[in-house]
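First up is the structure itself, then whatever we jot down about it.
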Amino acid sequence: MTEKIKNKYKEFFGGEYLLVRAPGRINLIGEHTDYNEGFVFPAAVGQEIQFAIGKSGDEDSCTLVSLDYDETFSFNLSELKPEPPDSWQNYILGVAAEIIKSGRKLQGFNLVFSGNIPLGSGMSSSAALECGTCFSLNELFELEISKLEMVKLSQMAEHNYAGVKCGIMDQFASMFGSKNHALRLDCKDLSYDYFPLNLETHTLVLCNSNVSHSLASSQYNIRRQQCEEGVKVLNQHFSGINSLRDASLEQFNVAKRDMSEVVQRRCKYVIEENIRVAEFAKALGANNLIAAGSILKKAQVAMRDEYEITCPEIDFMADFANSRDDIAGARMMGGGFGGCTLNLVIMEHVEGFISDLNVAYQEKFDKEITPIRIDVANGVSLIS
Ligand code: GLA
C-alpha cells in the first residue's frame, strides 16, 4: 500500500511529502455509550489508511486523490463547504475546515490516500480518514496541535461535514491506540488507561455481515436525541444529571414512568451498557473469558431488543456464534444496522467456526460473511 501511494504522489505531484498511517478500531464493549459520557473499551487495529501529503506551493489550492475510489478532487481552502452526504471528501474537507475554525492557518496541500479498512464494517474508516488527515496537516504545517485536540477536531469534522453526531470513541482510539492494548476510556473526563490484551486460549475474530448501514446515520442521530429526552426527564426528578452516565439504575427506575416506552428502553440500555463495560474489564482482567463472553452475549441481546440497532443478518450471526461451545460470546460491534460481529473464539476453533457460519449464513441470506483477523496496533503515526 505504501509503495502505491508514494508512486501516485510522485506521478501526480512530485516534490517532498510525508507519509502517515491511521488505524481503524474495534470496540470490545460499550456501544453508544460515548455520546452519553459513558465508558468504552476500543483498540486500534492493523487495518489502516495511509496518506502521502505535501505542500501544493499555493496559498489556497488543494488536490485530493483517493486511490481506492479512483477519484481526484480539487478545492480551495478559502471556499470550503461540504460535498453531498456520504462523499469521502467530507471527512478531509471537514478536518481542514475545523483546523481553520480553530484559528490556525493552512496553506494549499496535496494528499494521496488508500486503505484496507473494510467500508461500512463498523471499524471506523471515517475516523481513520479524519485523524490521519488531521495528523498529516499538523505535521506538514507544524501546527503543534495536541493529540487530544486533533481527536476533537476530527470528531467535529464528522458532526459538521459528514452529518453524524458521533461520540469521541472512534477518533480517540485511532489517535491513542497502543499495540496489544485496549483503551479503557471514560468519555466524561476523557481519562483512560491501557489494558493489556493477551487472551491466551481465545482470540477475537470479526465477521463482516457485508450488510452496510444505509439507515445508520439517521438512526444514530435519533438514538442520540432519545437519550437526551431521557436525560431531561431524569433531571426533573434528580439534580445534577447531565447525561445518562450520571444516572443510576435506581434513579432510572423512579423516573421512567414519565418517559415514553421507547425512551425507557434506550435509557435502560445505556445505563446497563456502562455497567457491562466495567464487568467485562473485570472478567478480562481475571482472565475469565467465559464470564467476559457471557457479558458480550447480554450486550448483543440488549442492542437487539432495547437499543434496536441490530438487523436480521447480524442477529443471525450472533445467535449462531452464541449457540456454540467454542465461542465464549459474540455481539455486534460499532454503530449498528450491519457491519461486523465481534466473536471471542477458542483459538484452535477459528477456522471451523468461520466455515460453519459461512455455510449457515449463505443458506439463510444467500450472501457470504468475510472473516477479519485482528492485530491490535498503535494509534496514528508518521511513517516517514
Ligand atoms: C459509531 C460512532 C461512535 C460510537 C459508536 C457506537 O462508531 O462514531 O462515536 O457511538 O458508533 O458505539
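The values are calculated or read from the model by the stated rules, or taken from the named source; none is laboratory data. Every value quoted in this text rests on a predicted model; they were computed, and no experiment measured them. Methodologically, a virtual Cβ is constructed for each residue, glycine included, from the backbone with ideal geometry; neighbour enumeration extends over all protein chains shown. Quick note on the areas: whole protein, heavy atoms, side chains included, nothing else; ligands and nucleic acids left out. Shrake-Rupley method; radii C 1.70, N 1.55, O 1.52, S 1.80 Å.
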>> Given the options CYS207, CYS227, name the one that is within 13 Å of the ligand (Cβ to nearest atom) and in contact with a Leu (Cβ under 8 Å, 6 or more places away or on another chain).
In response: CYS227
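Can you name every one of the strands (runs of 3 or more DSSP E) wholly within the stretch 39-127 that holds 3 or more residues which are buried (at least 24 other Cβ atoms within 10 Å of the Cβ)?
Because the criterion is at least 3 residues that are buried (at least 24 other Cβ atoms within 10 Å of the Cβ), the strands (runs of 3 or more DSSP E) in the stretch 39-127 that meet it are 42-55, 109-115.
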>> List pairs: first residue in the stretch 239-253 and of a type in the set (Asp, Glu), second residue modelled with pLDDT under 95 anywhere in the structure, Cβ distance under 9 angstrom, at least six positions apart or on different chains.
In response: ASP246/GLY240
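So if I check each of ALA182, ALA173, ALA162, which one is of a type in the set (Gly, Ala, Ser), touching a Lys or Arg at 6+ places or on another chain (Cβ under 7 Å) and touching a residue at least 60 places away in the same chain (Cβ under 8 Å)? So that I can check it myself, show each step before the final result.
On the way: ALA182 fails: touching a Lys or Arg at 6+ places or on another chain (Cβ under 7 Å); ALA162 fails: touching a Lys or Arg at 6+ places or on another chain (Cβ under 7 Å).
Testing whether each residue is of a type in the set (Gly, Ala, Ser), touching a Lys or Arg at 6+ places or on another chain (Cβ under 7 Å) and touching a residue at least 60 places away in the same chain (Cβ under 8 Å) leaves just ALA173.
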>> Tell me the residue from PHE280, PHE316 that is in a helix (DSSP H, G or I), open to solvent by less than 10 Å² (accessible area, probe 1.4 Å) and at pLDDT 95 or above, please.
In response: PHE280
>> The conditions are (1) in contact (Cβ under 8 Å) with a residue 24 or more places away in the chain; (2) surrounded by 15 or more Cβ atoms within 10 Å (Cβ to Cβ), and LYS256 fails exactly one of them. Which is it?
In response: (1)
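Which residues, counting only those in the stretch 319-342, are of a type in the set (Ser, Thr, Tyr) and either open to solvent by less than 20 Å² (accessible area, probe 1.4 Å) or on the phi > 0 side of the Ramachandran plot (or both)? Lay out the reasoning, then the answer.
The initial filter retains those residues of the stretch 319-342 that are of a type in the set (Ser, Thr, Tyr), namely 323, 341.
Of everything in the stretch 319-342, just one residue is of a type in the set (Ser, Thr, Tyr) and either open to solvent by less than 20 Å² (accessible area, probe 1.4 Å) or on the phi > 0 side of the Ramachandran plot (or both), namely THR341.
Against the condition surrounded by 23 or more Cβ atoms within 10 Å (Cβ to Cβ), away from the ligand (no atom under 16 Å from the Cβ), on the phi < 0 side of the Ramachandran plot and assigned to a helix (DSSP H, G or I), how does LEU137 come out, does it pass? Steps first, answer last, please.
Numbers: surrounded by 23 or more Cβ atoms within 10 Å (Cβ to Cβ): yes; away from the ligand (no atom under 16 Å from the Cβ): yes; on the phi < 0 side of the Ramachandran plot: yes; assigned to a helix (DSSP H, G or I): yes.
Against the criterion (surrounded by 23 or more Cβ atoms within 10 Å (Cβ to Cβ), away from the ligand (no atom under 16 Å from the Cβ), on the phi < 0 side of the Ramachandran plot and assigned to a helix (DSSP H, G or I)), LEU137 qualifies.
Does the stretch 23-36 include one or more residues that are away from the ligand (no atom under 16 Å from the Cβ) and on the phi < 0 side of the Ramachandran plot?
Of the residues in the stretch 23-36, the ones away from the ligand (no atom under 16 Å from the Cβ) are none.
Among the residues of the stretch 23-36, not one is away from the ligand (no atom under 16 Å from the Cβ) and on the phi < 0 side of the Ramachandran plot, which makes the answer no.
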> In the stretch 140-162, what residues are more than 20 Å from ALA173 (Cβ to Cβ) and open to solvent by 60 Å² or more (accessible area, probe 1.4 Å)?
Replying inline: GLU142, GLU144, ASN160
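May I ask you to list the residues in the stretch 160-204 that are in a loop (DSSP other than H, G, I, E, B) and more than 16 Å from the ligand (Cβ to nearest atom)?
LYS179, ASN180, ASP189, SER191, LEU197, ASN198, LEU199, GLU200, THR201
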>> Looking only at residues that are over 22 Å from ILE222 (Cα atoms) and not charged (D, E, K, R) in the stretch 149-159, which one is nearest to the ligand (Cβ to nearest atom)?
In response: VAL151
